[in-house]
Amino acid sequence: MGETVRRSILIGLLLTAQAGLIVYAGTTPGAIREGGLLEEVPGVQEYELLADDELAVQADIVGIEPVVGRITTPAGRERVRIRGVDGSVAAGDRIRLYGERQADGTIQASSVILVASERLWFTYAISAIAVCWVAYRVVRGWHLAPTGDGLSPKGGDEGSDA
Amino acid sequence: MPDLLTHTLVAFTLGSALSWRIGWVERPYVTAVMVGAILPDLVKIKLLLPSVEVAATLGLPFSWLPLHTLLGVMLSVATVGAVVASRAARRRTLVTVGAGALSHLILDGLLRTPTGRGGPIFWPITEYQPPTPGLYLSTDPWPAALCLCLAVATAMVNRRLLAD
């Protein structure tokens, strides 16, 4: 069997396995009730229902008097009153909180991590710089192999180490 | 998780340190370590394409989470090696990209979280979430600053070794 065919089969198997994992991860709600051990509830981002009404969730603050956050739950996106964070957040902030859902639908936060909105942009900006840096190094250090079957390191590259 | 700059700076330092001891780990393979350090953050595609929306579009259960688990990262590393690298460079590419990816997961395991636990990186083998020492937030600037200093020092050592 030729190298190309073997390689194609290997790539197909790897992508199938990855796709299988991704779909399987979307079908495991049972684990959530037993401890909420998946970071993502199937179909939900940044939301963990840990036990009973305890949850860990990421919220975008959309109001501060009272503090209201936008979260995503299995039921979809919702705005929810968050208690225990009054005075410490601003509109536009992102928080990660651990707390308990109350009977009135509000969330009583017991642990909060604030992600100030300006820092999010700083993080995105320097992450973009990192990607550009790595892309630059890839372009400078790798080329199409003489055999044409993929990339290989350029030989004798004595460029600056940056 | 720490910002990508921190990840790539750590990977640069790690790759360079490997190059001091392992002859074939030259500059291109240091770059491969840095590429590996970015791979687990493919999961950030969820910011553009939320799992909910992809699932609704495809009509299938869907979650990006596995891209940030150990098994999913290994599959990503293997795919990069199989797709991108030539046959002659494949094994070394797999090793170096894998080292970078592993460094990413380790760094993420040091993050501060509301629950004091990290993500389920061993899923689907186990859903255990390791406790995290909570050293920093992903948006803290000081890890990047610290790693930049380490990377600069590493680059200076590299230059000295090249000059010798």
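For the protein assembly as shown, the Cα gyration tensor yields ellipsoid semi-axes of 38, 25, 15 Å (square root of five times each eigenvalue, largest first, whole Å).
Scanning chain B for long hydrophobic helices, with DSSP H runs required to stretch 20 angstrom or more by C-alpha along their axis and to average at least 0.0 on the Kyte-Doolittle scale, returns B:4-21, B:87-108, B:142-163.
Roughly how many Å² is the accessible area per residue of the range A:95-147, as a whole number, for a 1.4 Å probe?
Values: 2970 Å² over 53 residues.
Computed with neighbouring chains in place, this is 56 Å² per residue.
I'd like the carbon and sulfur percentage of the solvent accessible area for chain B, probe radius 1.4 Å, heavy atoms only, ligands and nucleic acids excluded. Carbon and sulfur atoms account for 69 percent of the accessible area of chain B. When the helices of the protein assembly as shown are scored as -39500 (n - 2.57) per DSSP H run of n ≥ 4 and the total is divided over every residue, the value at 222 nm lands at -15000 deg cm²/dmol. Accessible area buried by the pairing of B and A, both sides summed with a 1.4 Å probe, works out to roughly 5500 Å².
For the range B:119-146 versus the range A:66-99, the spacing of their alpha-carbon centroids is 22 Å.
Residues of the range B:118-145 buried by at least 40 Å² of accessible area upon assembly of all protein chains, compared with the chain on its own (1.4 Å probe): B:123, B:127, B:129, B:137, B:139, B:141. Solvent-accessible surface of chain B, averaged per residue with a 1.4 angstrom probe and all protein chains in place: 45 square angstrom. Treating r as the C-beta distance of residue B:87 and residue B:156 and R0 as 30 Å, the FRET efficiency rounds to 0.25.
Rank-order B:65-74, A:95-104, A:4-13, A:76-85 by packing density, defined as the average count of other C-beta atoms within 10 Å over each peptide's residues, highest first. List each step's numbers first, then the result.
On the way: B:65-74: 22.3, A:95-104: 17.1, A:4-13: 12.3, A:76-85: 15.6.
Descending packing order for the listed peptides: B:65-74, A:95-104, A:76-85, A:4-13.
Spread over its residues, the convex hull of the C-alpha atoms of chain B is 133 Å³ per residue.
Computed over protein heavy atoms with a 1.4 angstrom probe, the accessible surface ordering of A:142, B:24, B:123, A:121, largest first, is A:121, B:24, A:142, B:123.
The values are calculated or read from the model by the stated rules, or taken from the named source; none is laboratory data. Because the structure is a prediction, the values reported are computed rather than measured. Please note: Cβ atoms are built from the backbone with ideal geometry, for glycine as well, and neighbour counts cover all protein chains shown. We work out accessible area using only protein heavy atoms, side chains counted, and drop any ligands, DNA or RNA first. Shrake-Rupley method; radii C 1.70, N 1.55, O 1.52, S 1.80 Å.
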